[in-house]
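Novice: Got a structure here, written out as structure tokens. Questions coming.
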Amino acid sequence: MPDLPIFARARSHSSAIAFRTPSTTHRYQDLLDHSALVASVLLAGTKDLEEARVALLVAPGFDYVAAQWGIWRAGGMKVPICLSATEPEWEYALTDSGASIVIVDDVSAPKIAPLCARLGVRLVEVEAVGQSQPCELPELTPDRQAMILYTSGTTSKPKGVVTTHANIQAQIESLVEAWEWSASDRIPLFLPMHHIHGIINVTLCALWSGASIEPFSRFDMQAILDRVRDDAYTLFMAVPTIYVKLIQALESAADADAERVAIVGGFARMRLMVSGSAALPASVHEKWTELTGQKLLERYGMTEIGMALSNPYRGERRPGAVGLPLPGVEIRLKSESGAIVTREDEPGEIQVRGPAVFRVYWDRPEASAECFDDDWFRTGDMAVLERGYYRIMGRLSVDIIKSGGYKLSALEIEAALLEHPDIVECAVIGLPDDTWGEAVSAAVVLKPGASLELGGLRDWSKGRLSVYKIPQRLQVVTELPRNAMGKVTKPAVRGLF
Ligand code: MLC
Ligand code: AMP
């Protein structure tokens with residue numbers, strides 16, 4: 001029976017270690033066996049899930065991938081959701097995607113069970129599937145829809161990015177080739193598993209290659225540094241905020257401190273360290289090289305397209321630049337006037353074409369049509385080609401914020417803040433921040449006589465917004481700056497802080 005290449009490849013690495021933790025090792029064969037059981041539980045006697053949406057709320061690691069592969073092998077679409085999201089955010093993802101099942105681990109089960117009961121969504125506990133029996137699995141073709149990832153944008157609510165198995169495979173193959181992944185690679189996984197950085201760049205590239213993964217439930221700096229010191233990894237992939245935090249940690253110890261020397265040695269000996277998901281300041285790039293001798297490889301990507309541009313694995317890795325198109329990716333810049341940029345030093349919007357590019361936003365035909373210019377995906381990011389490499393200049397929309405590598409919609413945060421009983425009007429922007437890249441910042445107009453402080457607003461926001469969407473800065477004003485048409489002018493809002 002034909003099978004998706006990711007599973008055929010896992011068979012060829014069956015005895016290799018896929019996941020390792022301090023207390024467990026799981027081989028590729030374990031992943032295949034366990035995912036077959038997950039699939040059988042999901043199918044529950046039916047022949048094929050036929051792209052039914054199955055949400056996934058499981059900590060990073062073996063169980064997560066067994067569940068992910070189980071969904072795929074049963075013919076379903078995987079909808080990973082944020083472990084630390086609030087109940088309204090979970091409810092949105094479940095109802096928007098029309099998920100009929102949620103796979104959970106024992107930590108998340110009690111948290112989401114009441115919501116599932118209210119929505120009539122079936123709850124499957126991943127730890128319990130070991131009791132089931134394997135069954136015949138459906139035949140899968142690469143053109144099937146495989147995954148929905150929620151991403152924030154210029155609309156208030158996040159949109160579901162739909163990718164097929166073929167899109168995912170193209171995203172993986174491009175990176176495996178460019179960054180020379182092999183079965184001898186070992187990588188830590190500490191990024192959230194509802195975004196492509198963790199899902200594709202770290203996990204699926206490793207599993208495609210027969211490499212091994214060490215999962216952490218979150219970015220647990222001390223535990224990770226202990227393993228770096230032990231030379232546990234050949235590869236490391238993180239967002240710029242993490243490199244900033246690592247620099248702070250290394251610099252807090254004296255140069256000659258034996259522990260620091262050992263950790264620096266562990267970083268220095270890795271074959272590749274990658275940064276992405278947000279701009280890596282050249283100063284951070286240079287500081288990292290000064291501390292460890294490693295030249296970070298910065299790349300640029302997006303949920304809708306996978307990775308598009310990358311500094312070379314072999315060759316100059318230039319601070320402040322994102323390099324050239326990855327294998328299989330076509331790039332063009334389109335200027336504000338609508339002309340295709342043909343020269344260096346002329347800025348334009350990055351547009352992307354190729355087999356890795358998604359086709360539609362879930363259930364949003366208009367947004368899906370608007371984001372393509374013929375068959376080129378419009379990223380909304382501006383770039384310029386300089387001395388042979390692309391450099392990202394910023395985003396076209398001020399309403400998109402990147403904080404800690406998370407993409408946030410200012411409009412979504414504004415909508416939540418407007419529910420506050422004392423807030424009459426608000427404008428949310430991202431202000432430059434050394435650690436987080438951008439800090440969510442809110443200018444608010446209050447009801448007459450009301451008062452509000454940042455601490456109070458943050459407490460009120462908990463339970464309504466994920467932690468990284470909660471404003472870091474607050475400015476109470478009597479009115480918001482507006483243009484002649486009465487529309488709030490966000491660039492002028494910056495001047496309020
Ligand atoms: C958390 N905190 C923030 C914050 N996030 N403060 C300001 N801005 C933010 N964005 C605060 C918390 O409230 C808390 O405060 C304290 O910081 C510690 O929170 P934490 O969650 O424990 O932080 P930490 O674990 O250190 O998380 C930082 C991080 C995380 C960088 C590891 O944000 C992360 O994993 N980011 C990666 C996101 C990602 O994978 N993006 C890729 C998207 S895909 P207090 O007061 O409680 O101490 C994509 C495409 C591509 O972009 O190209 O890859
Ligand atoms: P997401 O929608 O979460 O996938 O985030 C994608 C966005 O992250 C892109 O559109 C860029 O704005 C930003 N991004 C990713 N990598 C980089 C990078 N290396 N430099 C600057 N911005 C980046």
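The values are calculated or read from the model by the stated rules, or taken from the named source; none is laboratory data. Since this is a predicted model, take the numbers as computed values, not measurements. Every residue, glycine among them, receives a Cβ derived from its backbone with ideal geometry; neighbour counts consider all protein chains shown. Accessible surface areas use protein heavy atoms only, side chains included; no ligands, DNA or RNA. Shrake-Rupley method; radii C 1.70, N 1.55, O 1.52, S 1.80 Å.
Novice: Kindly provide the set of residues from the range 234-284 that are farther than 25 Å from Glu214 by Cα, within 16 Å of ligand 1 (Cβ to nearest atom) and either free of Cβ contacts under 8 Å to residues at least 12 places away in the same chain or in a helix (DSSP H, G or I) (or both), ordered by number.
Specialist: Selection gives Ser252, Val284.
Novice: Here's a follow-up. In the range 379-416, how many are away from ligand 2 (no atom under 11 Å from the Cβ), closer than 27 Å to Leu83 by Cα and either out of contact with any helix residue (DSSP H, G or I) (no Cβ under 9 Å at 6 or more places or on another chain) or aromatic (Phe, Trp, Tyr) (or both)?
Specialist: Looking only at that region, the number is 3.
Novice: Would you mind finding the one in Glu425, Glu419 that is assigned to a loop (DSSP other than H, G, I, E, B), more than 16 Å from ligand 2 (Cβ to nearest atom) and open to solvent by 30 Å² or more (accessible area, probe 1.4 Å)?
Specialist: Matching residue, one of Glu425, Glu419: Glu419.
Novice: Then there is this: What about Leu324, is it assigned to a strand (DSSP E or B), within 17 Å of Leu280 (Cβ to Cβ), in contact with a Phe, Trp or Tyr (Cβ under 9 Å, 6 or more places away or on another chain) and within 12 Å of ligand 2 (Cβ to nearest atom)?
Specialist: It is false that Leu324 is assigned to a strand (DSSP E or B), within 17 Å of Leu280 (Cβ to Cβ), in contact with a Phe, Trp or Tyr (Cβ under 9 Å, 6 or more places away or on another chain) and within 12 Å of ligand 2 (Cβ to nearest atom).
Novice: For Ala206, state whether it is open to solvent by less than 20 Å² (accessible area, probe 1.4 Å), small (Gly, Ala, Ser), at pLDDT 95 or above and not in a strand (DSSP E or B).
Specialist: Against the criterion (open to solvent by less than 20 Å² (accessible area, probe 1.4 Å), small (Gly, Ala, Ser), at pLDDT 95 or above and not in a strand (DSSP E or B)), Ala206 qualifies.
Novice: Moving on to the next point. Condition (residue is open to solvent by 20 Å² or more (accessible area, probe 1.4 Å) and closer than 20 Å to Leu297 by Cα) applied to the range 347-365: is it met by at least one residue?
Specialist: no
Novice: Just checking, does the range 241-257 include any residue being closer than 24 Å to Val65 by Cβ, within 25 Å of the chain's Cα centre (by Cα) and of a type outside the set (D, E, K, R)? So that I can check it myself, show each step before the final result.
Specialist: Taking the range 241-257 as the starting set, the residues that turn out to be closer than 24 Å to Val65 by Cβ are 242.
Filter once more, keeping what is within 25 Å of the chain's Cα centre (by Cα): 242.
Narrowing the set further to residues that are of a type outside the set (D, E, K, R) leaves 242.
Scanning the range 241-257 turns up at least one residue that is closer than 24 Å to Val65 by Cβ, within 25 Å of the chain's Cα centre (by Cα) and of a type outside the set (D, E, K, R).
Novice: Which residue pairs have Cβ atoms under 9 Å apart, sit 6 or more places apart or on different chains, and have a first residue in the range 389-414 that is at positive phi and a second that is open to solvent by 30 Å² or more (accessible area, probe 1.4 Å) and more than 15 Å from ligand 1 (Cβ to nearest atom)?
Specialist: Taking only residues 6 or more apart or on different chains, the pairs are Gly394/Met382.
Novice: How many of the residues making up the range 210-224 are open to solvent by 10 Å² or more (accessible area, probe 1.4 Å), in a helix (DSSP H, G or I) and either more than 10 Å from ligand 1 (Cβ to nearest atom) or touching a Pro at 6+ places or on another chain (Cβ under 8 Å) (or both)?
Specialist: Residues flagged as open to solvent by 10 Å² or more (accessible area, probe 1.4 Å), in a helix (DSSP H, G or I) and either more than 10 Å from ligand 1 (Cβ to nearest atom) or touching a Pro at 6+ places or on another chain (Cβ under 8 Å) (or both) within the range 210-224 amount to 2.
Novice: Also: Looking only at the range 153-165, filter to residues that are within 17 Å of Thr303 (Cα to Cα) and in a loop (DSSP other than H, G, I, E, B); which one of those is nearest to ligand 2 (Cβ to nearest atom)? Break it down into steps so the answer makes sense when it comes.
Specialist: Taking the range 153-165 as the starting set, the residues that turn out to be within 17 Å of Thr303 (Cα to Cα) are 153-155, 157-165.
Among the residues that remain, those that are also in a loop (DSSP other than H, G, I, E, B) are: 153-155, 157-158.
Working: Gly153: 7, Thr154: 11, Thr155: 13, Lys157: 14, Pro158: 10 Å.
Here the answer is Gly153.
Novice: Of the conditions (1) in contact (Cβ under 8 Å) with a residue 40 or more places away in the chain; (2) in contact with a Gly (Cβ under 9 Å, 6 or more places away or on another chain); (3) part of a strand (DSSP E or B), Ala443 fails just one. Which one is it?
Specialist: It is condition (2) that Ala443 fails.
Novice: Could you give every pair whose Cβ atoms fall below 7 Å, whose first residue belongs to the range 480-493 and is of a type in the set (Lys, Arg), and whose second residue is in a strand (DSSP E or B), counting only separations of at least 6 or pairs across chains?
Specialist: Arg482/Val488; Lys490/Ala427; Lys490/Ile429
Novice: Checking Asp96 against (1) under 18 Å from Lys159 (Cα atoms); (2) over 21 Å from the mean Cα position of the chain (by Cα), only one condition comes out false. Which one?
Specialist: Asp96 satisfies all of (1) under 18 Å from Lys159 (Cα atoms); (2) over 21 Å from the mean Cα position of the chain (by Cα) except (2).
Novice: Which ones in the range 233-246 are crowded, with 17+ Cβ neighbours inside 10 Å and of a type outside the set (Ser, Thr, Tyr)? Steps first, please.
Specialist: Initial filter on the range 233-246 (crowded, with 17+ Cβ neighbours inside 10 Å): 233-244, 246.
Correct list: Leu235, Phe236, Met237, Ala238, Val239, Pro240, Ile242, Val244, Leu246.
Novice: If you don't mind, there's one more thing I want to ask. Quick check: anything in the range 63-84 modelled with pLDDT of 95 or more, open to solvent by 30 Å² or more (accessible area, probe 1.4 Å) and within 18 Å of Ser212 (Cβ to Cβ)?
Specialist: yes
Novice: Also, quick follow-up: If I filter the range 467-488 down to residues being modelled with pLDDT of 95 or more and part of a loop (DSSP other than H, G, I, E, B), which single residue comes out as nearest to Arg218 (Cα to Cα)?
Specialist: Checked the range 467-488; the qualifying residue nearest to Arg218 (Cα to Cα) is Ile470.
Novice: Same structure again: Can you work out which of the residues in the range 285-321 that are in a loop (DSSP other than H, G, I, E, B) and within 10 Å of ligand 2 (Cβ to nearest atom) is nearest to His197 (Cα to Cα)?
Specialist: The qualifying residue nearest to His197 (Cα to Cα) is Thr303.
Novice: Further question on the same structure: Of (1) within 16 Å of ligand 2 (Cβ to nearest atom); (2) of a type in the set (Asp, Glu); (3) in a helix (DSSP H, G or I), Asp459 satisfies all except one. Which?
Specialist: (1)
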